[in-house]
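Okay, structure first, notes after.
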Ligand code: TMP
């Protein structure tokens, strides 16, 4: 039984996940919470290496199922090596992407089917699902423009996909919102970082009011 809280942050390219995660973790640290931030694919050596293989722009020959399996493999290793131990210690884990990314990108946008992709991910994650997922909704126009303007952000193999692919990713997330209305909260990520942050704090307070009330309030 996990004592911690598992929060995942989802969204298309250029949604502002990294900025939000930094703001969130700073705020929680200030309030005396024990927080661990991490990302998928990656977060630990094996998964970071799988990430390099998946996102390498030279790997245009990568088959869609291979891609889905690699994401699931990276997820499995990251979960057992990093996420589960932190949750067992009672930490708040904030993870940049999780299984919803595979469902939206590989299941829906690549056309593998959400159910098929869910099946391989069930094998990878067993029963573990996030307590709360923040979906940062941004149109591909806005998201991809942000990426193009961020000089420090390296363009990876998935960024190079056609506009229609990114539209499909967004559509995939809309389907997930309908499927998991209690777990996933939509936030309009086209607003400024401060406003997005406020919306996310409100969503967390609403979801975990009892938990935070026992400590210093967020
Ligand atoms: P990032 O840019 O948010 O770090 O994510 C890397 C890319 O990997 C991004 O284009 C989304 C994609 N991705 C998937 O397609 N499926 C997955 O399961 C995950 C975790 C990421």
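No lab work stands behind these numbers, since they all come straight from the coordinates. A quick note: this is a predicted structure, and the numbers were derived from the prediction, not measured. Heads up, the Cβs are rebuilt from the backbone with ideal geometry, glycines too, and the neighbour counts pull from every protein chain shown.
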Exercise for review: On a 0 to 90° scale, report how tilted helix 64-78 is relative to the longest principal axis of the chain, with both axes built from alpha carbons and the result rounded to the nearest 10.
Suggested key: 30
Exercise for review: Could you line up 52, 192 from fewest to most neighbouring Cβ atoms inside 10 Å?
Suggested key: 192, 52
Review point. Taking neighbour counts of Cβ atoms within 10 Å as a proxy for exposure, in what order, fewest first, do 197, 208, 98, 6 appear?
Key: 208, 197, 6, 98
Review point. Simple spin-label model, 7 Å along Cα-to-Cβ: residue 129 to residue 22 in nm?
Key: 3.3
Review point. Is the shape of region 12-121 rounded, prolate or oblate, going by the alpha carbon gyration tensor and its root eigenvalues a ≥ b ≥ c, with a/c under 1.5 for rounded and a/b larger than b/c for prolate?
Key: prolate
Point to revise | Helix 163-179 axis, angle to the chain major axis (alpha carbon atoms, nearest 10°) | key: 40
Practice item. Could you state the angle between the C-alpha long axis of helix 114-125 and the longest principal axis of the C-alpha atoms of the chain, as a value from 0 to 90 degrees rounded to the nearest 10? Key: 60
Practice item. For every helix of n ≥ 4 consecutive DSSP H residues, a contribution of -39,500 (n - 2.57) applies; sum these over the chain, divide by its total residues, and give [θ] at 222 nm rounded to the nearest 500 deg cm²/dmol. Key: -14500 deg cm²/dmol
Review point. From the Cα gyration tensor of region 5-207, with a ≥ b ≥ c the square roots of its eigenvalues, which class applies: rounded if a/c is under 1.5, or else prolate if a/b is larger than b/c, or else oblate?
Key: rounded
Review point. For 105, 180, what ranking results if the residue with the fewest other Cβ atoms within 10 Å of its Cβ goes first?
Key: 180, 105
